[in-house]
Structures are given as structure tokens and as C-alpha cells.
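The values are calculated or read from the model by the stated rules, or taken from the named source; none is laboratory data. All values reported here derive from a predicted model rather than from experimental measurement. Backbone-built Cβ (ideal geometry, glycine too); neighbour counts: all protein chains shown.
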Amino acid sequence: MKLLYMKPQYSDGAILKRMTLEARPYWLHILAIFLLSVLSAPVALLAPLPLKIVIDNFIGARPLTGLVAFLVPNSLQHSGPALLAFAVGMLIAIAILTYVQGSGTWLLQTYAGEGMVLNFRAKLFAHVQRLSLAYHDTRGMSDSSFRIECDAPSIQFITVNGIIPLIASLATLVGLIFVTARLDRELALVAVGVSPVLFLWTHIFRDRLRKRWADVKELESSANAIVQEVLASMRVVKAFGREEHEQARFLHRSRRRMRELLRVSFLQGGFDLLIGTTIGVGTAATLYIGVVHVRSGALSLGDLTLTIAYVAQLFEPLKNVSKKLAELQGAMASAERAFAILDEVPDVTERPRARPVVRARGDVRFENVWFSYGRNPVFEGLDFEVPAGARVGIQGRTGAGKSTLMSLLTRLYDVNDGRILLDGVDLRDYKAADLRNQFAIVLQDSVLFSCSIAENVAYGRAGATEEQIIEAAKLANAHEFISNLPEGYDTLVGERGMQLSGGERQRISLARAFLKDAPILILDEPTSAMDTYTESLVMDAFERLMRGRTTFMIAHRLSTLELCDVRVELSGGELMEMCGAGRLTG
């Protein structure tokens, strides 16, 4: 797999702006988190004061001055034991306040963060379902799944765990610089002088980290795709004894991801080393200047202790700001991938002022239809007409375009040229949901979901009653075998319905079609790989299902098409022959 990442598709500013818009429902929670985070600034300013009180005012017997004199009540200022007790009590109060502030912030971050991730995932999932099959055929389902599951949490990392702590650190930084400058301007200048160096390192490493993280995400998605593909095809893997081959393929992709992650770690480690070295130099300079000032009498020992504590705390938000900007690049890479899928425009879109349709008659006409998958043409000027209620049998070799014909009819794809009419109206002029509600589909590989039989039967008709479900199952010759199951209609069918036989799955699909009661029926190789008895049950159900409906039945075997009164033969994407009640036009 060759990594195609060249440069970020979106700037940091664009991503932050879109993330802010996505987080709008939680702005009150974010404000509360911000206020609690900013509370850490005054707590940080108060933290060294008890130590100064003990050193200068209790042990050194110096008079109280400045902020300390303001905080300590007058009645305690002239009593040594009372002053010591106040310092100890203040230390305990600061510890409790720090814990309450941290716990409150964490609870709000969890609630708001998880809520934002849920909303963002839901938005991605809804958009992925709207994207056309052409997109999924090109990108693969696992890539979309990975972006929904693993890239969506970037909204939490950026807004809650990134931007808010970043702003809080900046607020703490400003406060500490101000207080330090009041104590000793030269020491404050040292701290301020370190800041540009830290931000320079951040600027140098930011883009490199962004690129590396983007490569890691691509390789993670690729390795995840192998897992999903193999688990979905486990029977084939086992049948051909390819477990070791698939294991090797997975390990190859995963090791590439590991190597790329090690490069990220090495780069992050180099960045941390430079940040730590710069702060170490700044701290050493502060200590040297502070000692000189103590010896000259400009500072007391307690003031030096207080100043060193403030400078140490001052360097901490500086370090946090620099590291947070670097750490955010992984989340930025994920956010870029999430927004990239949101910006994909569906090939099949609904026209403005699309018309509704409740129940179509079922007249279908293909007029000069051209369609291709990329550069591979499938249909070139296809023309034919089918009256309402006709049973159309479609035959042809593999690759002749049979299934594509039905995909165009249901608007899973749009034609490149020409048009398809339903009751004399272009399919593209109908509301998409209303149009697809006119079709009931039974596929060769029956698609069932990992829920109960009743839920699978009712999938195409929300709110169906138990009586309606049972009646549909009876019409599909499925009620008998369902009733014999230990849990009847509440039986769970397993993933993709694999707890049932192929014939049972097909009859549940038929029951779903009966319950939907759509005017147009599509049967795509519905009896392939069935034994004679099961096929007879299914064909008997087909006979009932097709009554009064326009039906398109795709099959290789001519015997399957005996129920049809119109025959269409496709070859190489062209209509070779049509006989019966239909009409070949053009």
C-alpha cells in the first residue's frame, strides 16, 4: 500500500472553525469547562504562598507584606502559632480546591466530550449512508467504518481535551508572568524570553507530526480493512486454508503502521527533548539570577522560594502550550479524514422540488440509457419498455449488465445519459425515499440483520403488527419452519443470518417483500444454489408475490423464468432480444 498523503487538505484554522460549529449543542458545557480550567490559574498562584509564609513570616519573623498581608486576617498576623496554623490550613484548602476543580472538570469533559463524539459519529454515519454505491465501491466499506469509529473522537480531543486546556494554560501563563514581574522583573523577562524559543520548536515540528499522524491513520485503516474482510469471508478463508496467508497480510500492514508510529514517537521524543532542554536552561538562568539578587539583598529567601515556585509553574503552562499544539496534530489528522468524508458529494442526489409518489402503477421505460463504471461502458443507448403488471425475465451471461440494470432502476446509480421513466416520469424527478419505497427486492444472497426473525421481516415496513408479520411469513412459505424454532419469531438469526439455512434466509427475504407490498418487485437470482424441494417452496411463494406487480426476475436458468411473460436477453450491455408483452424501442 503506497501512502498518497502530500499535504493537509484543510488548514488548522479551517478544522478548528468546523469543530466549533459541530460543538455548538454543548457550548454551555464547554463554557463551564473553560471556567473551571481557568480556575486553575488562581489556584496555581496561591499554591506557593503557604511555603513563603512559613519561611519568611514564621521562621524568619518578617512582617507580612503584599498579597500575604491581604490574605491573612489581622488577628493572626502577630501570633506565630496562629500564622503557622493558617499556613497549614491554607495548604489543605488549596489541595481540596484543586481536587474539586479537577474532578468537576473531568466530569464535564466526559459528558460533553462523549456527547459530541456521539453526535459527530451519527452525522458521519448518516452521510455515509447517503453516499452513492460508486463511492463505497471505490473506497471500501472498512475505510468509512474506521473513520466513523476511530476518527470521529477527534472532536473531543480537539475541543475538550485540546483547545480548552490550551486557553487555560495561556490564561495561567499571563497571570504568572504578571505576578512574577511584580516580584522580580528580570526573572519575568527570562521566562518571557524562553517563550519564543518554545513556539519556534512547535512551529518546526507541527507539520512533520501532522504528516506522520496522517500516515499512521491511513495504515491503521488499511490493517482494519483486512480484519473486516477476513471475518466477513471466514468460510472462504477456512475452505482454502488461507489463515496463515491472511495472518501474514495483517502482520505486514500492522508492522508498517508500527514503524510509522515509531517514527512519530521518535519525532515527538525529539520535540519533548528540545522543550525540556529549553525549559531547563530557563530554570537554571532563573535560579542563577535569583541567587545573585538574594546575595545583593534585593530578594529575601522566602521571596526567592516564592519566585522560583512561580517560575516553575510559569514554565509548566509554557510547556503545556507547546506540547498541546504538537499533540493536537494527531487529532487534526483524524479530523481532516472525518471532514473529508463529510465533504464527499453523493453521485445520486435529489433534485429541488422533487415530486412525491405514494404508489406507482409500475410502467417502466428505458430511453437511450448510457452507463459506465469509470471507463468501462455497460450500456450504450439501451431502449425498452415494460407495461405495469408485466413479469420480466432478464437473462444473460455474467457481466452482461443484469444487476446493473436493476441498480439503475432503483437509483443506486444514475444514468450517464438518457433517462429511465416510471409511469412516464424521470426517476430523478421523484423524491428518492418515495421512489425506493416502490420497490421490494429479493437478492441471490439474502441480506438479513443480526436481530430477530420478526424484525427482519418487518425491516421494509416500520410499525408492522405481529399479525401482519405472520401473514407475510405464511405467504412466503416460511411460517412453518419459523414456528418450529424454539423461540419462533423472536429467534435471533445471527450475523448476516448465518444461524439459518440458505433456503430459510431466502423465505424470510420473501416475507419481507410480501410485507412491504411494493408495486414493483426485483428478484435477483433468487433460487440459485437451492435444492429442488426448497426451490419449489420459493417458486410457489414467488407466484403469489408477483400477482399484480411489475416484476423483474434475473436468472441464469431458463426454467426459473417460466413464470415470466416478458423475456429480455442482455449480452455485452446490449439488448439482444425481447419477447412477450414488452416492447423494444429505438
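Values computed for the structure shown
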| read-out | value |
| --- | --- |
| Only listed residue being at pLDDT below 85, farther than 30 Å from residue 205 by Cβ and buried (at least 21 other Cβ atoms within 10 Å of the Cβ), chosen from 299, 328 | 299 |
| Residue tally, condition modelled with pLDDT of 85 or more, of a type in the set (Asp, Glu) and part of a helix (DSSP H, G or I), over region 473-497 | 2 |
| Condition check for residue 403: assigned by TED's automatic domain parsing to the domain that holds residue 459, assigned to a strand (DSSP E or B) and either among the hydroxyl-bearing types (Ser, Thr, Tyr) or free of Cβ contacts under 8 Å to residues at least 40 places away in the same chain (or both) | no |
| Pair list, Cβ under 6 Å, 6 or more apart: region 224-238 residue under 16 Å from residue 248 (Cβ atoms), other residue loosely packed, with under 12 Cβ neighbours inside 10 Å and modelled with pLDDT of 80 or more | none |
| Residue check for residue 309: farther than 30 Å from residue 149 by Cβ, in a helix (DSSP H, G or I) and without any contact (Cβ under 8 Å) to a residue 12 or more places away in the chain | no |
| Residue list for region 210-266, restricted to those being part of a helix (DSSP H, G or I) and of a type in the set (Phe, Trp, Tyr) | 213, 250, 266 |
| Count of residues meeting criterion [under 14 Å from residue 303 (Cα atoms), assigned to a helix (DSSP H, G or I) and modelled with pLDDT of 70 or more] in region 49-97 | 8 |
| Residue list for region 351-365, restricted to those being crowded, with 17+ Cβ neighbours inside 10 Å and in contact with a helix residue (DSSP H, G or I) (Cβ under 8 Å, 6 or more places away or on another chain) | 357, 364 |
| Strands (runs of 3 or more DSSP E) wholly inside region 498-586 containing at least 3 residues that are within 19 Å of residue 406 (Cα to Cα) and modelled with pLDDT under 85 | 566-571, 574-580 |
| Residue that is among the β-branched types (Val, Ile, Thr) and either farther than 30 Å from residue 322 by Cβ or surrounded by 15 or more Cβ atoms within 10 Å (Cβ to Cβ) (or both), where the choices are 100, 128 | 128 |
| Leading residue by the ranking (surrounded by the fewest Cβ atoms within 10 Å (Cβ to Cβ)) among those in region 202-254 that are under 27 Å from residue 268 (Cβ atoms), of a type in the set (Phe, Trp, Tyr) and over 18 Å from the mean Cα position of the chain (by Cα) | 250 |
| Number of the exception - residue 440 against (1) buried (at least 17 other Cβ atoms within 10 Å of the Cβ); (2) touching a Ser or Thr at 6+ places or on another chain (Cβ under 7 Å); (3) of a type in the set (Gly, Ala, Ser) | (2) |
| Some residue of region 407-416 being among the aromatic types (Phe, Trp, Tyr) and in a loop (DSSP other than H, G, I, E, B) | yes |
| Of the criteria (1) among the aliphatic types (A, V, I, L, M); (2) closer than 30 Å to residue 59 by Cβ; (3) in a helix (DSSP H, G or I); (4) modelled with pLDDT under 75, which one residue 321 fails | (2) |
| Filtered residues of region 129-179 (kept if of a type outside the set (A, V, I, L, M), under 30 Å from residue 436 (Cβ atoms) and touching an Asp or Glu at 6+ places or on another chain (Cβ under 8 Å)) | 132, 135, 142, 146 |
| Residue within region 403-420 that is at pLDDT below 85, within 30 Å of residue 499 (Cβ to Cβ) and in contact with a Pro (Cβ under 8 Å, 6 or more places away or on another chain) present | no |
| Residue under evaluation residue 434, criteria (1) crowded, with 17+ Cβ neighbours inside 10 Å; (2) in a helix (DSSP H, G or I), criterion not met | (1) |
| Residue match in region 448-462 (condition: free of Cβ contacts under 8 Å to residues at least 24 places away in the same chain, assigned to a helix (DSSP H, G or I) and more than 28 Å from the chain's Cα centre (by Cα)) | no |
